[in-house]
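> Sharing a structure here in structure tokens format.
The values are calculated or read from the model by the stated rules, or taken from the named source; none is laboratory data. All values reported here derive from a predicted model rather than from experimental measurement. Cβ: placed from backbone, ideal geometry, glycine included. Neighbour counts: every protein chain shown.
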Amino acid sequence: MEGRPFAKMVASGNDFVVMDNRDDALSHYGISISEIAKGLCERKRSVGADGMLLMEESAKAHFKMRIFNSDGSEVDMCGNGSRCVALYAVENDIASRYMQIETGAGIIDAEVVGLRVKIRLTDPKEIKLNLNLSIGKKRYKIHTINTGVPHVVSFVKDLDKVKVESIGSRIRHHKTFKPGGTNVNFVKEISANEIEVRTYERGVESETYACGTGSTASALITSLLHGMKSHIDVRTKSKETLRVYFDKKGKSIKNVYLEGEAKVVYNGRIDHV
């Protein structure tokens, strides 16, 4: 891949390779986009990132966003990725501060004010509370929700002691969630409107410094179970805080927004994968 421009971007600790592919140039390089993503996201040997974000033409919105995890798998939605792409669009005169982005999960709205980006997510679905899941000889109480991609939420007393990598991986691959698997969030309540979250991300196959849809999932489940009202601040492993807004009526949740900062770390040109 000779001379293809890209931006390395970060939102709350999630890092991405972002490229404008509205000219469909990547399809002419003789290698699948999945393989391109795997190559570029490999740390120490390439740019290194949690995922690759591509902007493409859309007949429904200002542009379409495609999301590839570092293992090359494509997913429908990424909260922090959406915020990065929105900032990229403003800084490169692709869209104004208010925009619509087509994703695999549906059309989302975004607003950019400086480095602060607020996105409206699709309404959550597939909510199931108080499920029991057996991992070896231990049973975990979990809750599931889809905030664009599937998530498991599990509340813990001591977040520092949770074995996120090992337990998260086993839940992610559990037969209950086959064939696609799930993301896994471990949550601790901090105060009346603040939680702390650690997330094992499907596709990255590791704990990440933050997860936008996971932070949103954790906030919404916390509200449903423990009555927290909008807004909820979510403290991530990166120590940055994301803010989740929503309207709740009974067990119904709508008008979900995720807000936080994003930034361009550097711009570059890719010569090879």
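> Which residues, counting only those in segment 34-85, are of a type in the set (D, E, K, R) and over 13 Å from Gly104 (Cα atoms)?
Glu35, Lys38, Glu42, Arg43, Lys44, Arg45, Asp50, Glu57, Asp71, Arg83
> Let me ask something additional. Being within 21 Å of the chain's Cα centre (by Cα), in the same structural domain as Gly13 (by TED's automatic domain parsing) and surrounded by 14 or more Cβ atoms within 10 Å (Cβ to Cβ): is that true of Thr103 here?
yes
> Within segment 156-175, can one find any residue that is part of a strand (DSSP E or B), in the same structural domain as Ala219 (by TED's automatic domain parsing), out of contact with any Ser or Thr (no Cβ under 7 Å at 6 or more places or on another chain) and crowded, with 18+ Cβ neighbours inside 10 Å?
Scanning segment 156-175, I find no residue that is part of a strand (DSSP E or B), in the same structural domain as Ala219 (by TED's automatic domain parsing), out of contact with any Ser or Thr (no Cβ under 7 Å at 6 or more places or on another chain) and crowded, with 18+ Cβ neighbours inside 10 Å, so the answer is no.
> Here's another thing I want to ask about it. Going through Val117, Val112, Val149 one at a time, which residue ends up being touching a strand residue (DSSP E or B) at 6+ places or on another chain (Cβ under 9 Å) and closer than 19 Å to Tyr200 by Cα?
Being touching a strand residue (DSSP E or B) at 6+ places or on another chain (Cβ under 9 Å) and closer than 19 Å to Tyr200 by Cα holds for just one of Val117, Val112, Val149, which is Val149.
> A further question on this structure: Would you check if there is a residue in segment 5-12 being charged (D, E, K, R), buried (at least 21 other Cβ atoms within 10 Å of the Cβ) and not assigned by TED's automatic domain parsing to the domain that holds Thr236?
No, segment 5-12 contains no residue that is charged (D, E, K, R), buried (at least 21 other Cβ atoms within 10 Å of the Cβ) and not assigned by TED's automatic domain parsing to the domain that holds Thr236.
> Can you report the number of residues in segment 1-54 which are under 15 Å from Gly72 (Cα atoms), outside any helix (DSSP H, G or I) and among the hydroxyl-bearing types (Ser, Thr, Tyr)?
Residues flagged as under 15 Å from Gly72 (Cα atoms), outside any helix (DSSP H, G or I) and among the hydroxyl-bearing types (Ser, Thr, Tyr) within segment 1-54 amount to 2.
> Which one of these is assigned by TED's automatic domain parsing to the domain that holds Met55 and under 15 Å from the mean Cα position of the chain (by Cα): Arg83, Arg97, Arg116?
Arg83
> Taking the stated definitions as given, is Tyr200 aromatic (Phe, Trp, Tyr), more than 17 Å from Gly51 (Cβ to Cβ) and assigned to a strand (DSSP E or B)?
For Tyr200, the condition - aromatic (Phe, Trp, Tyr), more than 17 Å from Gly51 (Cβ to Cβ) and assigned to a strand (DSSP E or B) - is not met.
> Would you pick out the residues in segment 4-37 that are more than 23 Å from Ala89 (Cβ to Cβ) and touching a residue at least 60 places away in the same chain (Cβ under 8 Å)?
Selection gives Ile31, Glu35.
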